[in-house]
Amino acid sequence: MIKPEDLRPYRTLSDDYQTTRELKAKLQRLRCERQPMYLTVEEFNEILRWKLRGQYERQEKTRQINSEDVIQTVTRAALSISHPDEDYETELRLRILCSLRGVGVPVASAVLALVFPEKYAVIDFRGWRQIFGEEKRTFSVSDYKIYLRKIKSLADELGWLPQEVDLAIWAYDRAHGGKSANRTAG
């Protein structure tokens, strides 16, 4: 597993660090202005472009069926739901967001990580590889909850937000050509 000392130098080295900061700040402002919080199609697509980068257009036609009203209604439900059991709250939020066409757990996690960076991180193959030392390309809600526990543990050790840990892991993985930080006992 990647260690805090591996990540410290990568906190701000992601090539989209500044864009991420600006997007989180915008969503934080919206959280203060909108009660309950929801996303418009434009805001939702901004998050998708950030998460998917060059793959944004891959499922664009599938996602276009999500109207403005549907996106606002679904994101309002997902982002406003609250439960004392954080694991259950996470599961509900992910499942609600995944009800949108073209949205799986990785994209749903991106929405949560940018809206609530203090609670969530984005799951993807790079993060999974660095946390668990194995390749994985598809993720379930259960996978996300396991992953998030590891990210939150690192966040606690580093004194960072879970979203910041995730972004540092992403930058670390890219800088090391996808080689896992796992170390074998010798």
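In summary, the lysines within cross-link reach of LYS24, defined as a Cα separation below 23 angstrom excluding same-chain residues under 8 places away, comprise LYS51, LYS119, LYS145, LYS150, LYS152. Summing Lys and Arg as +1 and Asp and Glu as -1 over all other residues whose Cβ lies under 13 Å from the Cβ of GLY159 gives a net charge of -1. Model label points for TYR17 and SER180, set 7 angstrom from Cα along the Cα-to-Cβ axis, are 2.7 nm apart. Count Lys and Arg as plus one, Asp and Glu as minus one, and take only other residues whose Cβ is under 15 Å from that of PRO84; the net charge is then -3.
Peptides 21-30, 96-105: what's the order by average Cβ count within 10 Å, highest mean first? It would help to have the intermediate numbers written out before the result.
On the way: 21-30: 14.6, 96-105: 18.4.
Top of the packing list down: 96-105, 21-30.
Using only helices, what value at 222 nm comes out for the chain when you add -39,500 (n - 2.57) per DSSP H run of length 4 or more and divide by the total residues, to the nearest 500 deg cm²/dmol? Could the numbers behind the result be given before it?
Working: 10 runs with 113 residues, N = 186.
Dividing the helical sum by the residues of the chain leaves -18500 deg cm²/dmol.
Sorted on the mean count of surrounding Cβ atoms within 10 Å across their residues, most packed first, peptides 144-154, 116-126, 1-11 read 116-126, 144-154, 1-11. For the chain, build the charge dipole from Cβ charges (+1 Lys, Arg; -1 Asp, Glu) around the Cα centre, then report which of ALA121, ILE2, VAL165 sits farthest towards its positive end. It is ILE2, whose Cα lies furthest towards the positive end. Counting only Cβ charges, +1 for Lys and Arg and -1 for Asp and Glu, the dipole size of the chain around its Cα centre is about 300 debye.
Here the gap between GLN35 and ARG137, fully extended at 0.36 nm per residue and compared with their Cα-Cα distance, gives a gain of 33.2 nm.
I need PHE132, PHE139 ordered by Cβ neighbour count within 10 Å, fewest first. Before the final figure, lay out the partial values.
Values: PHE132 17, PHE139 21.
So the ranking, lowest neighbour count to highest, is PHE132, PHE139.
Fully extending the segment from SER67 to GLU89, taken as 0.36 nm per residue of separation minus the present Cα-Cα distance, adds 5.4 nm. Region 108-186 and region 1-52 have their alpha-carbon centroids 14 Å apart. A crude spin-label estimate for the pair SER99 and SER82, with each label 7 Å from Cα along the Cβ direction, gives 2.0 nm. Highest average first, the peptides 156-169, 32-45 ordered by how many other beta carbon atoms sit within 10 Å of their residues are 156-169, 32-45.
Near PRO9: Cβ cut-off under 14 Å, other residues only, Lys/Arg at +1 and Asp/Glu at -1. The net charge is 0.
Quick note: the coordinates plus some simple rules give every number you see, no bench work behind them. Predicted model only: the values in this text are computed from it and were never measured. Reconstructed Cβ throughout: ideal geometry from the backbone, glycine too, with neighbour counts over all protein chains shown.
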